[in-house]
Amino acid sequence: MSTMFNEAQCLAEPGRAHYGGGRIVNPEFNRGVEGWTVFGQGAIKQGTSKESGNRFIVAHSRRKPLDSFSQKILLENGKFYSFSAWVQISEGSETVAAIFKTSDGKLLYGGKVLAKHGCWSLLKGGLVANFTSSAHIIFKSNNTGVEIWADNVSLQSFTKEQWRSHQDKSIDKVRKQRVRFHITYANKTAMEGGVISIKQIKSGFPFGCGMNHYILTNTDYQDWFASRFKFTTFTNEMKWYSTEKIEGVENYTIPDAMVKFCEKNGISIRGHNIFWDNPKHQPEWVKTLSPEDLKEAAARRINSVTTRYAGKLIHWDVMNENLHFRFYEDNLGNNASAEYYRTAHLLDPQAIMFLNEYNTIEFNNDETVNAHNYSIKLEEIISYPGNGNMCVGIGLQGHFNSGKPNLPYMRSALDLLGSFGFPIWLTEVDVDKGSPSQAEYFEEILREAYSHPAVKGIISFAGPEAAGFKVMPLTDKDFKNTAAGDVVDKLLGEWKSGDDLVVETSAAGNNGFSEISLFHGDYNLTIKHPVTNSSTSISFKVTKDLPRGTVYVQIDA
């Protein structure tokens, strides 16, 4: 594993306890094991690092996976709990999980990490309590032959209002910028009394929506989509089973037409997908091919679709759901996926190549695709010969069930994956039907994603009911908003600078400078002369790369 991934996941010394430990008693074990008890069988003791003298807790002589150390806490209904701990094991490498055992015996997973001997890994996660109960925080490792070590444990609770406040502050920090305007006459003297009108014409944050073939024949769908979104992913139309239903007979008529519609309306497209690793979702004729014939067919497929749309797409989901499934690896060898990433990059070098998976942020009990396992797979792809200079992206689908989303766990996964520096996109966001709170939960998920600095774009896999979107339609059959559609329109409006922004210039005391906070994006500015009423207009862009940028405007006297 590369140095970058190693440093992010395993440190010689543990980091500090988040929030000073929060509600945890003796989080740094400076007072021995005070506040901690044995859970199950086995024993606990204080350990000390020979190199630094750092003190930590040790669970040893374990007989069952849950035998460890424990601390009793109170979980309160409606509160968000952010959990973290630095963990290590006595030998080898094993998955260590944090678990909250409630008073009625329920085991709630709070996060997992692949812990190793010789360095400290950050186990980070959390939960949202929909009940009030005492609970024991415990640690689990299925290998009872290893000791579990922990240090700098933290549990911090937040009300819903506090959590939202943090999101809003983060949005102000990562999605907006203070911009100064300097308005002068041709002789460089500052204008006094001029009025600046500012209008945002394009958002700097990609917030898009899935699209399907119904858009080609439904003008209401076309108008609805084009008036809101500048980014999309075709739900099925580019997939192999859609473009080559019969072996050797390719038909790109529908995706070609959809690409033309997007180009006409200035809509950027994510390519979804070149391959899908799930055996069930291969073209029917592919499922019976021998490995030799599969290799030949797959080579034709990747060259066909990638070459056809090279330069027209911003991303490729090269191998969809590459952690959950192994169809190509099982048939063509363990390096099959990495080789296809290399091929796709060579055929379309401008597009970002994405690893696209589900349950990494949605569900904390799917160990296959937790953030650490995701990073391991990503590293396998990047480290394959020829892939070192490839632009890669982290695709997190975001198919949430109908229960309340676990935002602390979602944030912890985004934190870890964001530490690697690759762009993160939520690629297929929706909330399962069946909950009266579907729209509320949808908004919570979108706000959490938008407020996270590592997230560079969001695509919702939803749309009009008239176009067949059944899980979470955004409009009904008459293109009237559903509750989820109202959420989208509200956030599209909230996450842009208002259309009627007016700033008055003044030469007194500030040399003609005026300042305002604006969302990232493209803008038009008009300055009206205070005497002649003549006006001057310019365009400018606000980005995170221009901190406290200054826009200079010179007008004729």
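Each DSSP beta bridge with both residues in the stretch 399-536 is either parallel or antiparallel, and the antiparallel ones are about 30%. As a rough guide to protection, the peptides 372-378, 195-201 ranked by mean Cβ packing within 10 Å, highest first, stand as 372-378, 195-201. Of all trypsin sites (Lys or Arg not before Pro) in the stretch 252-322, which ones are in loop regions per DSSP and have a Cβ with at most 16 other Cβ atoms within 10 Å? Sparse-neighbourhood loop trypsin sites (Lys or Arg not before Pro): 312. Here the ratio of the Cα radius of gyration of the stretch 185-319 to 2.2 N^0.38 Å is 1.51. Pairs from the table (202/264; 239/260; 72/124; 239/496; 377/496; 176/477) lying more than 27 angstrom apart at Cα are 239/496; 377/496; 176/477.
Counting only protein heavy atoms and a probe of 1.4 Å, the accessible surface of the chain is 48% carbon and sulfur. If you count only protein heavy atoms and use a 1.4 Å probe, how large is the accessible surface of residue 223, to the nearest 10 Å²? Result for residue 223: roughly 100 Å² accessible.
For the stretch 398-547, the spread of Cα coordinates along the three principal axes comes to 61, 44, 21 Å, biggest extent given first.
Using every pair of separate Cα atoms, the Kirkwood estimate puts the hydrodynamic radius of the stretch 251-394 at 15.9 angstrom.
Residues in the stretch 18-158 average 40 Å² of solvent-accessible surface per residue, probe 1.4 Å, ligands and nucleic acids excluded. Shown here for the stretch 60-146: trypsin sites (Lys or Arg not before Pro) in loop regions (DSSP other than H, G, I, E, B) with at most 14 other Cβ atoms within 10 Å, namely 63, 106. All C-alpha to C-alpha distances of the stretch 18-158, sorted into 5 Å bins beginning at zero, yield P(r) values of 2, 11, 21, 26, 22, 12, 5, 1, 0 percent in whole numbers.
Of 113, 141, 88, which is farthest on the positive side of the dipole of the stretch 18-158, counting Cα position, with +1 on Lys and Arg Cβ, -1 on Asp and Glu Cβ, and the Cα centre as origin? So the residue we want is 141. Cross-link partners for residue 287 among the aspartates and glutamates, with Cα-Cα distance under 12 Å and sequence neighbours closer than 8 places in the same chain left out: 247, 277. In this structure the amide hydrogen of residue 457, modeled in the peptide plane, comes within under 5 Å of the amide hydrogens of 426, none closer than 5 places in sequence on its chain.
Helix-only arithmetic for the chain: the sum of -39500 (n - 2.57) across DSSP H runs with n ≥ 4, divided by the residue total, places the mean residue ellipticity at 222 nm at -7500 deg cm²/dmol.
Cβ screening of the chain for cysteine pairs under 4.7 Å finds these without a partner: 209, 262, 391. Taking amide H atoms as placed 1.01 Å from N in the peptide plane, the amide H of residue 482 lies under 5 Å from those of 475, 476, each 5 or more residues away in sequence or on another chain. Here's how it looks for residue 268: its modeled amide H is under 5 Å from those of 231, 232, which are all 5 or more places away or on a different chain.
Its Kirkwood hydrodynamic radius, worked out from the mean inverse distance over all distinct Cα pairs, puts the chain at 26.1 Å.
The values are calculated or read from the model by the stated rules, or taken from the named source; none is laboratory data. Since the model is a prediction, treat every value here as computed from it, not as a measurement. Glycine gets a Cβ as well: all are built from the backbone with ideal geometry, and neighbour counts include every protein chain shown. Ligands, DNA and RNA are stripped out before the accessible areas are found, and what is left, the full protein with its side chains, is counted by its heavy atoms. Shrake-Rupley method; radii C 1.70, N 1.55, O 1.52, S 1.80 Å.
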